[in-house]
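The values are calculated or read from the model by the stated rules, or taken from the named source; none is laboratory data. Everything numeric here is computed off the predicted structure, so don't read it as measured data. Cβ placement follows ideal geometry from the backbone for every residue including glycine, while neighbour counts extend to all protein chains displayed.
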Amino acid sequence: MEPAGRRSVVDVALQHRMLVAAEAVTRAKVLNRLRLGDTAFRHLTRAAAVAVLLLLGGVIISLIDGSLPAFRRFGLGFLVSERWNPVTDNFGALPAIYGTVVTSFIAMLIAVPVGLMIAFFLTELCPPWLRRPIGIAIELLAGIPSIIYGIWGLFVFAPFLQGTLQPFLIDTLGNVPLIAPLFAGPPYGIGILTAGLILAIMVLPFVTSISRDVFEAVPGVLKEAAYGIGCTTWEVVRYVVLPYARIGVIGGIMLGLGRALGETMAVTFVIGNAHRISASVLAPGTTISATIANEFTEAVGDLYTSSLIALGLILFVITFIVLAAARYMLMRIERRIG
Amino acid sequence: MAARYARRRRSNATATVLALAATAFGLGWLVLILGSLLWQGFSGLSLEVFTQMTPPPGASGGLLNPIVGSLILTFIAVAIGTPIGILAGTYMAEYGRYDRLTSVVRFINDILLSAPSIVVGLFIYEVMVAPMGHFSGWAGGVALAVLVIPVVVRTTEDMLTLVPNALREAATSIGLPRSLTITRICYRAARAGMVTGVLLAVARISGETAPLLFTSLNNQFWSTNLNAPIASLPVVIFQFALSPYKDWQSLAWTGALIITLAVLALSITARALVPSGRQS
């Protein structure tokens, strides 16, 4: 009995050892699989991050590639030529660049002071329970798709301007000696001014929400110190908050400008699509994005298509510079806030 | 002294009035735009809009094919853009939070976030439409995906950064591998915020017109063939609004109302998902 019993103990031990060994093997397998999965996931996420970089690289390369024929044919003269004639295959970007810059300038001229004043209201004057609803309402303006601004601008806003603001401007500012040419010509309704005003409404939420955020980031002690020596609310904002938040505000303005420069649909509806440079802001014009949107699908011939892509490249370069500057400034203020 | 005080009080009062006026001005546009949308679009809203195809000029019809087209394009864009965006955001927040690569990607991503969408259309035209030789639904979907990616990257990174490190440490201490810590713990903790990111991305692309103009083009008829041009709501609105026909214009208004309501519903849902004070 004894040997048998001993044997069985050995058997059990052996069996146990085999189990342990088997378990060790499976554990190693499982760990190995986990390690593989871990590495794979890490590389997958890294690849996705690199893909974002490649995306931007792809955009730049494809635009340069597509615009080569136009630049080869016209050289850098493309940038300063005023001609745009699909019949004779003669293209120049100046009217579109001019329209883009002028409409964005009008937009910023209105959106910046209004946006800053709204931010002033939201951070200093507004009762706390109203802050969030008003802030959200202003941000909803940013959420409305640009095509909605376009259709509204064409059917509601442009006729309204044609009947009221534009005749008023012609009758008043149109008679002031130096600036009279700016407001010459009949009130078309559509045109550079209308596009600029619509852009102002679209850019307003960007300027407002970023200004509000940087205003809120101003340390309370600074403001309290100013109030403590007897400053009025306006003086606190003008001499303490604004100087402190300056870089952030400029960043927000540049971000809005980037939007205004590249905005397509809202402008396409109301700009009038005329490839010429007029002194009057009431006259129809065109912008880079509106030209591409209007003409790309109808463009016949490689040179025409290539010229439109070259316009796209110019737009991309301009907005890239503006947006990069905006991000740089916002990053600086973020670092300072910590 | 008193005169100076009075002047300071006056300029303060002026600034206050101006600030109030500016706020009223800003809110006024929202009311005006939504008001005229409801006024012009509501009358055209009927069952027909959702059950009939876009009509030829002078006939009655609906917006069924562009609505379905838009849904398909949005689905493709989200299906392609979300995984890439989430993975990239994961790398930036989890693996390479202090990497050089991360700060470069963040910078580039922020630029992509506000890059003109028409340029994205040109890009996809160059890499997909021109080589394939024809406009297609796929090209439109990919163009929209390019717009989805930066939104999702941004929110994923922000939301994962908010996940407390104690959660990661606890998971690691019981022997959970890094990848499982991220997918089982961090994703779950940041889920609401990440869903918000996707909703915001959908809201952003559902009204985009410019990148679709020369990728998916438009289609007057019922088509779900993704290798052919496909109708989409924004492009149909663009075409119909600029046409001289009254019934086309009124359909454009109705379409505009549908898009706006969808976008507003999406962005309000997105806001409701994230508790106040945690938005980026």
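Those residues that are outside any helix (DSSP H, G or I), touching a helix residue (DSSP H, G or I) at 6+ places or on another chain (Cβ under 7 Å) and aliphatic (A, V, I, L, M), I need them from region A:208-255; list them, please.
Answer for region A:208-255, where residues must be outside any helix (DSSP H, G or I), touching a helix residue (DSSP H, G or I) at 6+ places or on another chain (Cβ under 7 Å) and aliphatic (A, V, I, L, M): A:Ala217, A:Val218, A:Ala245.
So, in region A:257-278, of the ones that are part of a loop (DSSP other than H, G, I, E, B) and surrounded by 24 or more Cβ atoms within 10 Å (Cβ to Cβ), which residue ends up farthest from the other protein chains (Cβ to nearest Cβ)? Explain how you work it out, then say what you get.
Residues of region A:257-278 that are part of a loop (DSSP other than H, G, I, E, B), as a first pass: A:263-264, A:271-278.
This time we only want the ones that are surrounded by 24 or more Cβ atoms within 10 Å (Cβ to Cβ), so: A:263-264, A:271.
Values: A:Glu263: 7, A:Thr264: 4, A:Ile271: 12 Å.
Only one residue fits best here, namely A:Ile271.
Within region B:14-31, work out how many residues are under 27 Å from the mean Cα position of the chain (by Cα) and more than 8 Å from chain A (Cβ to nearest Cβ).
Qualifying residue count, region B:14-31: 3.
Got a sec? Which of A:Ile148, A:Ile118, A:Ile134 is within 14 Å of chain B (Cβ to nearest Cβ), more than 23 Å from A:Thr233 (Cβ to Cβ) and either of a type in the set (Val, Ile, Thr) or in a helix (DSSP H, G or I) (or both)?
On the way: A:Ile118 fails: more than 23 Å from A:Thr233 (Cβ to Cβ); A:Ile134 fails: more than 23 Å from A:Thr233 (Cβ to Cβ).
Criteria check complete, one pass: A:Ile148.
Take B:Thr102 and tell me if it is assigned to a helix (DSSP H, G or I), crowded, with 18+ Cβ neighbours inside 10 Å and within 22 Å of the chain's Cα centre (by Cα). First the steps, then the outcome.
On the way: assigned to a helix (DSSP H, G or I): yes; crowded, with 18+ Cβ neighbours inside 10 Å: yes; within 22 Å of the chain's Cα centre (by Cα): no.
No, not satisfied.
I need a count of the residues in region B:32-59 that are under 26 Å from the mean Cα position of the chain (by Cα) and of a type in the set (Asp, Glu).
Here the count works out to 0.
Hey, can you tell me all the residues within region A:109-156 that are modelled with pLDDT under 90 and under 18 Å from the mean Cα position of the chain (by Cα)?
Correct list: A:Ile138, A:Glu139, A:Leu140, A:Leu141, A:Ala142, A:Gly143.
Let me spell it out: the conditions are (1) more than 24 Å from A:Leu140 (Cα to Cα); (2) within 8 Å of another protein chain (Cβ to nearest Cβ); (3) in contact with a Phe, Trp or Tyr (Cβ under 9 Å, 6 or more places away or on another chain), and B:Met53 meets all of them except one. Which number is the exception?
Unmet condition: (2).
Among the residues of region A:58-96, how many are more than 14 Å from chain B (Cβ to nearest Cβ) and more than 18 Å from A:Gly301 (Cα to Cα)?
Residues flagged as more than 14 Å from chain B (Cβ to nearest Cβ) and more than 18 Å from A:Gly301 (Cα to Cα) within region A:58-96 amount to 9.
Return the pairs, sorted by first residue and then second, in which the second residue is loosely packed, with under 14 Cβ neighbours inside 10 Å, the first residue lies in region B:1-22 and is under 21 Å from A:Phe121 (Cα atoms), the beta carbons are less than 8 Å apart, and the residues are 6+ apart or on different chains.
B:Ala22/A:Pro113
I'm trying to understand the selection: among the residues of region B:69-98, which are at the interface with another protein chain (Cβ under 9 Å from one of its Cβ atoms) and of a type outside the set (Val, Ile, Thr)?
We begin by selecting, within region B:69-98, every residue at the interface with another protein chain (Cβ under 9 Å from one of its Cβ atoms); these are B:83-92, B:94-96.
The answer is B:Pro83, B:Gly85, B:Leu87, B:Ala88, B:Gly89, B:Tyr91, B:Met92, B:Glu94, B:Tyr95, B:Gly96.
Considering B:Gly85, B:Gly61, B:Gly44, which residue is crowded, with 18+ Cβ neighbours inside 10 Å, out of contact with any Lys or Arg (no Cβ under 7 Å at 6 or more places or on another chain) and not in a helix (DSSP H, G or I)? Spell out the reasoning first.
Details: B:Gly85 fails: not in a helix (DSSP H, G or I); B:Gly61 fails: crowded, with 18+ Cβ neighbours inside 10 Å.
Only one candidate qualifies: B:Gly44.
Give the residue, chosen from B:Glu208, B:Glu157, that is touching a residue at least 12 places away in the same chain (Cβ under 8 Å), surrounded by 24 or more Cβ atoms within 10 Å (Cβ to Cβ) and part of a loop (DSSP other than H, G, I, E, B).
Values: B:Glu157 fails: part of a loop (DSSP other than H, G, I, E, B).
After ruling out the rest, the residue left standing is B:Glu208.
For the structure I just gave you, tell me whether A:Thr319 is crowded, with 21+ Cβ neighbours inside 10 Å and assigned to a helix (DSSP H, G or I). Steps first, answer last, please.
On the way: crowded, with 21+ Cβ neighbours inside 10 Å: yes; assigned to a helix (DSSP H, G or I): yes.
Judged against the criteria, A:Thr319 is a match.
So which residues in region A:158-199 are crowded, with 19+ Cβ neighbours inside 10 Å, touching a Leu at 6+ places or on another chain (Cβ under 9 Å), of a type in the set (Val, Ile, Thr) and assigned to a helix (DSSP H, G or I), if there are any at all?
Passing the criteria: A:Ile192, A:Thr194.
Being more than 21 Å from the chain's Cα centre (by Cα), at the interface with chain A (Cβ under 10 Å from one of its Cβ atoms) and within 16 Å of B:Ala252 (Cβ to Cβ): is that true of B:Ser11 here?
On the way: more than 21 Å from the chain's Cα centre (by Cα): yes; at the interface with chain A (Cβ under 10 Å from one of its Cβ atoms): yes; within 16 Å of B:Ala252 (Cβ to Cβ): no.
So B:Ser11 fails the test.
If I ask for residues that are modelled with pLDDT of 90 or more and either of a type in the set (Asp, Glu) or under 30 Å from A:Ala184 (Cβ atoms) (or both), which ones from region A:308-338 would you list?
Selection gives A:Leu311, A:Ile314, A:Leu315, A:Ile318.
Hey, A:Ala96 hits all of (1) surrounded by 23 or more Cβ atoms within 10 Å (Cβ to Cβ); (2) under 30 Å from B:Thr156 (Cβ atoms) but one; which does it fall short on?
With (1) surrounded by 23 or more Cβ atoms within 10 Å (Cβ to Cβ); (2) under 30 Å from B:Thr156 (Cβ atoms) applied to A:Ala96, the lone miss is (2).
May I ask you to say which residue of B:Leu122, B:Leu71, B:Leu87 is without any contact (Cβ under 8 Å) to a residue 12 or more places away in the chain and under 29 Å from A:Ala325 (Cα atoms)?
B:Leu87
Cβ-Cβ under 9 Å, sequence separation 6+ or interchain: first residue in region A:232-257 and more than 13 Å from A:Ile210 (Cα to Cα), partner of a type in the set (Lys, Arg) and surrounded by fewer than 19 Cβ atoms within 10 Å (Cβ to Cβ). Which pairs?
A:Thr232/B:Arg8; A:Thr232/B:Arg9; A:Trp234/B:Arg8; A:Glu235/B:Arg8
Are any residues in region B:160-203 within 14 Å of another protein chain (Cβ to nearest Cβ), β-branched (Val, Ile, Thr) and either in contact with a His (Cβ under 6 Å, 6 or more places away or on another chain) or over 28 Å from A:Leu31 (Cβ atoms) (or both), and if so, which ones?
Correct list: B:Thr161, B:Thr196, B:Val202.
Restrict the check to region B:262-273 and report whether at least one residue is crowded, with 22+ Cβ neighbours inside 10 Å, modelled with pLDDT of 90 or more and within 18 Å of A:Met265 (Cα to Cα).
Within region B:262-273 (the criterion being crowded, with 22+ Cβ neighbours inside 10 Å, modelled with pLDDT of 90 or more and within 18 Å of A:Met265 (Cα to Cα)), the answer is no, since none of the residues qualifies.
Checking A:Ile277 against (1) β-branched (Val, Ile, Thr); (2) under 24 Å from A:Pro167 (Cβ atoms); (3) without any contact (Cβ under 8 Å) to a residue 24 or more places away in the chain, only one condition comes out false. Which one?
(3)
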